[in-house]
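Note sheet for the following structure.
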Amino acid sequence: MAHALNANSGYSRSGSGREAGKDRRVRMASNVIITGGAGYIGAHVCVEALSAGARVLIVDNFANSSPKAIERIREIAGESDKVEMLEADLVDDATADILAERAGRFGADAAVHLAGLKAVGESVAEPARYYETNIRATLTLIKALDAVGARRIVFSSSATVYGEANQSPVNEDGRTAPTNPYGRTKLFIEEILRDLAASAAGWKICNLRYFNPVGAHASGRIGEDPKGVPNNLFPFIAQVAVGRRDSLSVFGDDYPTPDGTGVRDYIHVVDLARGHVAALDYLARDDAAAATDVNLGAGRGYSVLEAVAAFRRASNRAIPVSIAPRRAGDIAEIYADASRATDLLGWRAERTIDDMCADHWRWQCENPMGYAEE
Ligand code: UD1
């Protein structure tokens with residue numbers, strides 16, 4: 001399905017326009033370990049960090065990602081000698097020493113930690129596995145970083161830590177009350193990292209609370225590749241649009257929102273990835289706080305029906321929908337107060353919902369089965 005989509009992609013290998021990112025420099029953190037760097041968000045973080053001048057050491061066990069993503073990161077960045085890879089499972093105790101050795105040779109000075117399990121429903125069914133995997137992986141990383149004296153961590157947290165406890169727009173001082181084990185692993189890891197930062201060892205940490213990442217790199221080469229039936233809205237819409245599924249079930253149209261469907265803060269994954277680069281820059285500053293929590297969101301909400309309408313415009317496909325009952329555990333509305341990210345990190349989301357849909361659609365069309373061979 002090679003649609004004439006490149007015309008409006010705004011992407012160019014030589015790096016013109018806003019995709020270039022060459023004006024950004026990762027100040028001190030020039031050698032960055034990226035755990036989960038082959039995953040959806042991780043791959044985009046790798047590309048933006050490379051574009052900002054960093055070298056990256058990707059640590060991934062490919063449990064929910066593909067080695068193909070590594071090839072494509074190298075292809076987009078065009079600087080394959082700056083991309084190193086360690087295939088390892090952070091849940092294994094032995095990985096701490098292996099990673100420390102590699103990190104030492106690599107000259108690591110910071111880490112972005114994204115590796116972990118992330119399916120809400122699965123976490124309810126298998127909570128022990130979620131706690132063990134997500135928390136153990138974090139502790140292994142901490143040990144390895146400590147061994148080489150690289151004490152800056154940007155952590156992939158989630159707006160899910162807020163649960164249903166707050167009025168939107170929600171800021172970082174909002175009450176944290178996650179409603180499932182997955183969300184609690186995120187909150188507990190944030191707290192482990194805050195304890196590290198409060199110790200005398202010189203750790204600096206930034207917990208990035210993501211809202212709803214969607215879209216893909218403008219090249220169409222990396223994007224979200226969910227296994228099985230997608231849980232999240234955008235991958236599901238995209239698979240309906242491309243003909244892999246018949247119709248979208250809209251989970252509830254009787255919420256107290258303008259059109260009755262759930263409202264979320266969708267953020268383009270490239271904007272999100274650039275937020276990590278801004279956080280790495282921030283942590284390298286002498287005046288950076290030891291521990292900071294930062295929302296990464298666009299700061300406005302869209303309903304399910306608005307998202308579908310935007311995707312119809314981008315794809316020029318029908319996208320049939322039917323109204324279904326509410327999904328257990330869903331809340332009516334959540335969107336970010338993203339002002340701290342601007343004030344502290346000098347970052348704000350730039351891409352629109354139409355950009356998100358166009359880029360998500362390009363990825364879906366050019367890779368209808370994700371990274372799998374057809
Ligand atoms: C979900 C996770 C959250 C995670 C986030 C990552 C749950 C309960 N929460 O959040 O922990 O951090 O993804 O992006 O899974 N919708 C439909 N039909 C669908 C799918 C979704 O109507 O087939 C609606 C949902 O009811 C919701 C909106 O679309 O109103 C967004 O859903 P989703 O993409 O799953 O994200 P969240 O529920 O916000």
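The values are calculated or read from the model by the stated rules, or taken from the named source; none is laboratory data. These numbers were taken from a predicted model, which means no experiment stands behind them. Methodologically, a virtual Cβ is constructed for each residue, glycine included, from the backbone with ideal geometry; neighbour enumeration extends over all protein chains shown. Remember, those area values only see protein heavy atoms, side chains included, never the ligands or the DNA or RNA. Shrake-Rupley method; radii C 1.70, N 1.55, O 1.52, S 1.80 Å.
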Practice item. Please enumerate the residues belonging to the stretch 38-91 that are farther than 20 Å from Glu373 by Cβ and part of a loop (DSSP other than H, G, I, E, B). Key: Ala52, Gly53, Ala54, Asn61, Gly78, Glu79, Ala88, Asp89, Leu90, Val91
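In the set Val294, Val277, Val308, Val304, which member is open to solvent by 20 Å² or more (accessible area, probe 1.4 Å) and of a type in the set (A, V, I, L, M)?
Numbers: Val294 fails: open to solvent by 20 Å² or more (accessible area, probe 1.4 Å); Val277 fails: open to solvent by 20 Å² or more (accessible area, probe 1.4 Å); Val308 fails: open to solvent by 20 Å² or more (accessible area, probe 1.4 Å).
Only one candidate passes the filter, namely Val304.
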Review point. Scanning the stretch 312-343 for residues that are farther than 20 Å from Val269 by Cα and touching a Ser or Thr at 6+ places or on another chain (Cβ under 7 Å), which turns out nearest to the ligand (Cβ to nearest atom)?
Key: Gly329
Point to revise | Pick from the stretch 118-130, criterion under 30 Å from Val83 (Cα atoms) and open to solvent by less than 40 Å² (accessible area, probe 1.4 Å), ranking: modelled with the highest pLDDT | key: Tyr130
Practice item. Report, by residue number, each residue of the stretch 216-255 that is under 22 Å from Leu305 (Cβ atoms), crowded, with 18+ Cβ neighbours inside 10 Å and small (Gly, Ala, Ser). Key: Ala238, Ala241, Gly252
